[in-house]
Amino acid sequence: MHLLHNIVSVIFLFVFSNALYGKTIQIAFTKDDSYSIEVAHVDVADTIEWLPKNEGHNVEFLIGPNVNALPKKSVLNAFYAVTFDLPGLYLYQCTPHGHMGMLGLVVVGNDFHNLKDIRELELSRVAKSVLQRLIRIAESH
Ligand SMILES: [Cu+2]
């Protein structure tokens, strides 16, 4: 009975802390000038960590649910982490390779309310076609 109580307590703590602090997922910069996860689905309060496993890349947010409060641009070759507080879509690029289509999309809380803003972004032709592919992946999740 005591053991069962402990197990229930541990499960409760796990669920509770998950709700409070969120989960963390990791995305690596790859040698193919891409992000290892191109479309990430997370919940509000979850964190994404970007790992500089390949040189010459960073993370620069182009748009998010609050365009006036985007996460700051990361430094090349540096570890970076963002905790997502607002539901909606966030699009980011690698500053040197964004025009070549090194983009990442984050869907927070399965919320697509600002999809129109993302579609209206000015991007290179290659980046635009990559973005369309990422949106299709996100929508078919
Ligand atoms: Cu890059």
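None of the figures in this text is laboratory data; all of them are computed from the coordinates on show. On a predicted model such as this, the values are computed, not experimentally measured, just so you know. Virtual Cβ from ideal backbone geometry, glycine too; neighbours counted across all protein chains shown.
Non-local amide H neighbours of H41 (under 5 Å, H modeled in plane, Pro and chain starts lacking H): which ones?
V107
Could you tell me whether the range 73-135 comes out rounded, prolate or oblate from its Cα gyration tensor? Rule is a ≥ b ≥ c as square roots of the eigenvalues, rounded for a/c under 1.5, then prolate if a/b exceeds b/c, otherwise oblate.
It is oblate, given that a/c is not under 1.5 and a/b is not larger than b/c.
Could you give the length gained on full extension between D85 and S36, defined as 0.36 nm per residue of separation minus the Cα-Cα distance, in nm?
Gain on stretching D85 to S36: 15.4 nm.
In degrees from 0 to 90, rounded to the nearest 10, what is the angle of the helix 125-139 Cα long axis to the longest principal axis of the chain?
30 degrees
Please work out the ratio of the alpha-carbon Rg of the chain to 2.2 N^0.38 Å and round it to two decimals.
So the Cα radius of gyration is 1.19 times the expected 2.2 N^0.38 Å.
By how many degrees, between 0 and 90 and to the nearest 10, does the Cα long axis of helix 2-21 differ from the longest principal axis of the chain?
30 degrees
Would you tally the net charge around S140, using a Cβ to Cβ cut-off of less than 14 Å, leaving S140 out, and scoring K and R as +1, D and E as -1?
0
Given Cα pairs under 8 Å that are at least 6 residues apart, what percent is the relative contact order of the range 22-139? Mind dumping the intermediate values first?
Details: 255 pairs, mean separation 31.3, N = 118.
In percent, rounded to a whole number, it is 27.
The range 99-132 to the range 32-75: how many Å between their Cα centroids?
A separation of 12 Å, based on Cα centres.
How much of the DSSP bridge set in the chain is antiparallel, in percent, rounded to the nearest 5?
60 percent
On a full-extension model of 0.36 nm per residue, what is the gain between H141 and K23, subtracting their alpha-carbon distance, rounded to one decimal in nm? Write down the numbers at each step before the final one.
Working: separation 118, 0.36 × 118 = 42.48 nm, distance 1.87 nm.
The span from H141 to K23 would gain 40.6 nm if fully extended.
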